[in-house]
1. Specify the residue that is farthest from the other protein chains (Cβ to nearest Cβ); the eligible residues are those in the range A:20-49 that are without any contact (Cβ under 8 Å) to a residue 12 or more places away in the chain and either closer than 19 Å to A:Thr476 by Cβ or in a helix (DSSP H, G or I) (or both).
2. Which residue pairs have Cβ atoms under 6 Å apart, sit 6 or more places apart or on different chains, and have a first residue in the range A:218-230 that is without any contact (Cβ under 8 Å) to a residue 60 or more places away in the chain and a second that is outside any helix (DSSP H, G or I) and of a type outside the set (Asp, Glu)?
3. When you look at A:Phe369, is it buried (at least 16 other Cβ atoms within 10 Å of the Cβ) and under 24 Å from the mean Cα position of the chain (by Cα), yes or no?
4. Could you check the range A:466-495 and list, in sequence order, the residues that are touching a residue at least 24 places away in the same chain (Cβ under 8 Å) and β-branched (Val, Ile, Thr)?
5. Just to check your reading of the model, which residue among A:Leu544, A:Leu498 is farther than 26 Å from A:Pro204 by Cβ and without any contact (Cβ under 8 Å) to a residue 60 or more places away in the chain?
6. B:Arg101 is checked against (1) touching a helix residue (DSSP H, G or I) at 6+ places or on another chain (Cβ under 7 Å); (2) crowded, with 16+ Cβ neighbours inside 10 Å; (3) in a helix (DSSP H, G or I) and fails just one. What number does that condition carry?
7. Given the conditions (1) within 30 Å of A:Gly351 (Cβ to Cβ); (2) of a type in the set (A, V, I, L, M, F, W, C); (3) crowded, with 22+ Cβ neighbours inside 10 Å, and given that A:Ala300 satisfies all but one, which numbered condition is not satisfied?
8. Hey, among A:Leu67, A:Leu74, which residue is hydrophobic (A, V, I, L, M, F, W, C), buried (at least 24 other Cβ atoms within 10 Å of the Cβ) and farther than 30 Å from A:His415 by Cβ?
Amino acid sequence: MTTQVPPVETATPGVETERKTYLNVTKGFMSWAGTLDHKRIGLMYLIGTSAALLAGGLFALLVRLHLWEPTGMLFDNAEYNQVFTLHGVFMVFLFVIPAIPAALGNMILPLQLGAIDVALPRLNLLSFYLWVTGAIFAILAIVAGGFDTGWTFYTPYSLYTQQAVGLIGMGVFILGFSSIFTGLNFIVTVHKLRAPGLTWFRMPLFIWALYATSILQVLATPVLGITVLLVAIERLYHIGIFDPRLGGDAVLFEHFFWFYSHPAVYIMVLPAFGIISELVTVHSRKPLFGYKLIAFSSLAIAIISFLVWGHHMFTSGQSTYAMFAFSFLTFFVAIPTAIKEFSWVATVWKGSIALNSPMLYTLAFLIIFAIGGLTGVILGALNVDIHLHDTYFVVAHFHYVMMGSIALAFFAGLHHWWPKMFGVMYNETHAKISCALIFIGFNATFIPQFIMGSRGMPRRYATYVPDYEPYHKASTIGAMVLGVGVAFMVYYLVVSLLQKKRAMENQWGGVTLEWETPTPPPLENFSKPPVVTNEVYDYSKLDLETTITPAK
Amino acid sequence: MSHDDHHSVVIPAPGPEFKPHTVAHHFDTPVQEFQSAKLGFWLFLATEILLFGGLFAAYFYFHEQYPETFVVGGKQLDWRLGGLNTCVLLLSSWTMAMGVRAAQTSQKKKLLMYCGLTVLGAAIFMVIKFFEYKAKSDHGLFVFSEMLGGYDTATGQLPWFTDIHGVMAGVPHGHMFFAIYVTMTGIHGLHVIIGAGLIIWIMFGAAKGRFHAGYYLPVDLVGLYWHLVDLIWIFLFPLLYLVP
């Protein structure tokens with residue numbers, strides 16, 4: 001297959017007019033606010049989720065700054081509770097869950113499938129507005145006095161605290177439906193809108209990962225919906241289901257919550273795996289090692305993830321035998337996950353590795369995710385978990401996955417598809433510096449947390465005994481470096497949009513369908529429907545000309 | 001938005017009283033559009049089942065914890081009214097199915113009639129439900145006007161559960177059955193109202209002639225939704241009225 005170089009439209013001979021792309025085809029506020037185009041919706045999601053990331057990051061920096069001194073620097077205890085809750089809620093519900101599927105996925109999935117749009121474009125727009133509504137509820141809840149329950153809303157505390165838990169509960173309920181609709185849309189799109197010749201095993205692995213994610217979004221999120229709804233009903237009407245004083249059961253809440261929220265961890269991380277699968281092959285210019293195994297391991301993770309929620313509750317009081325099962329099944333998740341990690345490393349091996357900034361982020365991911373994943377296995381062991389439960393060790397573990405792996409994969413994907421989305425290229429040197437700052441800052445933040453966690457520093461405390469001071473200080477310095485790295489990234493990405501240095505038609509030499517259309521894509525993606533005749537990641541079919549042709 | 005509509009397929013209207021349907025621009029064929037929407041809608045129904053699944057899990061859990069409140073509480077419900085409502089919903093499911101059939105065979109008047117009958121069924125259901133709720137409210141088993149009253153954490157006295165006639169006297173956590181009963185049937189009732197609203201929306205479309213043998217997708221989907229609402233009630237009725 002060859003990439004079509006777009007014809008230059010000339011109004012008068014010799015005068016080059018701007019090619020019509022999805023970015024400039026129509027203008028005005030309503031052409032964006034009422035758009036049904038998946039790329040525009042993806043872009044709006046990208047702006048929204050990035051804003052949530054920056055807000056959540058700011059809260060994180062405030063938390064770290066507060067913990068500089070053992071007695072706390074900035075807040076009283078109640079304010080501290082609010083700030084870390086805001087950090088958790090913004091990051092989990094407004095950034096991590098929607099960022100990769102709804103922003104990058106929306107942008108790339110139909111392109112990689114060779115489709116004009118997602119199957120249900122109006123539902124896609126509705127999903128975005130539900131996200132906006134959820135975000136407004138979150139902001140209203142802050143204005144109405146904030147919330148201090150942590151992102152997990154554990155009962156009975158969440159039933160009695162005099163803060164705006166009802167509002168944020170409704171926000172989470174609405175965000176849940178936003179997530180469900182994105183997942184539902186992707187499942188239908190993958191089933192019904194694949195280009196001719198694009199069989200299941202010719203699909204790029206980003207699609208496979210998004211497909212597995214979507215199944216989780218559709219099947220797990222409703223349970224969170226009913227759970228937060230019951231908390232809201234409980235707060236208003238005191239029906240007593242989660243309230244021990246009325247004969248209810250707080251552990252039942254935990255079961256409900258984690259039945260969603262454990263699969264939700266994979267809703268967050270599977271799309272990240274998808275990005276990494278895509279990037280290791282493109283930037284090593286070598287077909288993926290173990291393509292089918294990676295595809296099936298996504299599905300295996302999706303299925304097993306429904307059976308491990310009890311490992312969040314080893315100290316909450318559940319049957320010993322259930323705990324054995326949950327612990328064992330937790331170890332079991334490590335198998336498909338390790339299959340992925342090994343396959344990625346084997347893909348890079350003897351590849352023609354280009355150390356572009358997306359690849360640097362990818363390599364950083366591989367290192368960080370190995371640590372994040374293995375510490376998860378440590379926490380899955382029953383006896384060890386009793387010691388480590390609710391300590392900074394847990395905090396460090398899930399930040400290695402949530403921030404170190406997912407956010408880094410998001411950045412990797414963003415850098416990889418940035419030239420595709422906008423037709424412009426950022427400053428690669430800046431990108432490499434920022435990647436280094438993020439990698440160093442991230443590890444400096446969380447390695448001390450592993451150490452102090454294993455020595456008993458409990459999470460969510462506003463103050464601490466002075467013995468932990470060196471670790472907290474190191475962690476805070478790391479967080480500041482990380483913050484500078486992210487701020488720098490935002491800076492050069494925005495600058496790239498202003499400077500408009502043209503990217504290449506096929507910047508990295510990818511062979512999946514999104515590179516078969518002009519950069520940036522026209523409104524309906526493909527001037528004629530693509531037909532897939534070759535196997536996935538077949539780099540012998542790459543038209544090298546396109547990698548040195550500037551985008552129009 | 002100015003889409004290229006060079007590949008938009010138009011399904012012609014079967015008669016002058018109907019309107020043609022334009023297949024959405026990103027689909028190649030009407031079949032693809034139909035199947036996509038249907039698959040999406042089944043997935044949505046799965047999320048509805050899981051949403052209620054949480055409530056059913058709560059039901060079974062507390063049934064196990066406090067069997068007595070379910071035995072004594074269940075006896076306070078009128079199984080005759082519940083049974084009547086089950087019949088009403090089952091009948092309305094039949095009229096809905098007939099409505100879908102009428103749309104498939106381009107019978108505009110029949111479609112309107114059967115949809116109207118289905119909405120009537122929904123209304124009868126809600127009226128009966130109202131009188132059931134009112135009876136419970138009058139007996140102090142679930143006082144709707146007191147639901148926002150909070151409660152005295154010292155005595156644990158709930159303003160919405162005063163149990164005027166003492167039917168639940170001595171039963172530990174007697175309010176729990178009614179809490180679950182009203183939550184489950186309340187959320188179900190909300191679905192009945194939404195379903196009726198959707199059917200009325202279908203009737204507006206049908207009056208304009210939008211639905212016919214060539215295009216009856218929305219009728220089909222709303223029909224599926226209505227059957228789900230019916231199906232959930234079929235589980236709620238025995239669990240709440242009969243099992244205790």
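The values are calculated or read from the model by the stated rules, or taken from the named source; none is laboratory data. No experiment lies behind these values; they were computed from the predicted model shown. Neighbour counts are summed over all protein chains in view; Cβ atoms, including those assigned to glycine, are modelled from backbone coordinates with ideal geometry.
1. Here the residue is A:Ile47.
2. A:Leu230/A:Ile241
3. Considered against the rule, which asks whether it is buried (at least 16 other Cβ atoms within 10 Å of the Cβ) and under 24 Å from the mean Cα position of the chain (by Cα), A:Phe369 comes out as yes.
4. A:Thr476, A:Ile477, A:Val481, A:Val484, A:Val486, A:Val490, A:Val495, listed by residue number.
5. Checking each option against the conditions leaves just A:Leu498.
6. (1)
7. (3)
8. When all the criteria are applied, what remains is A:Leu67.
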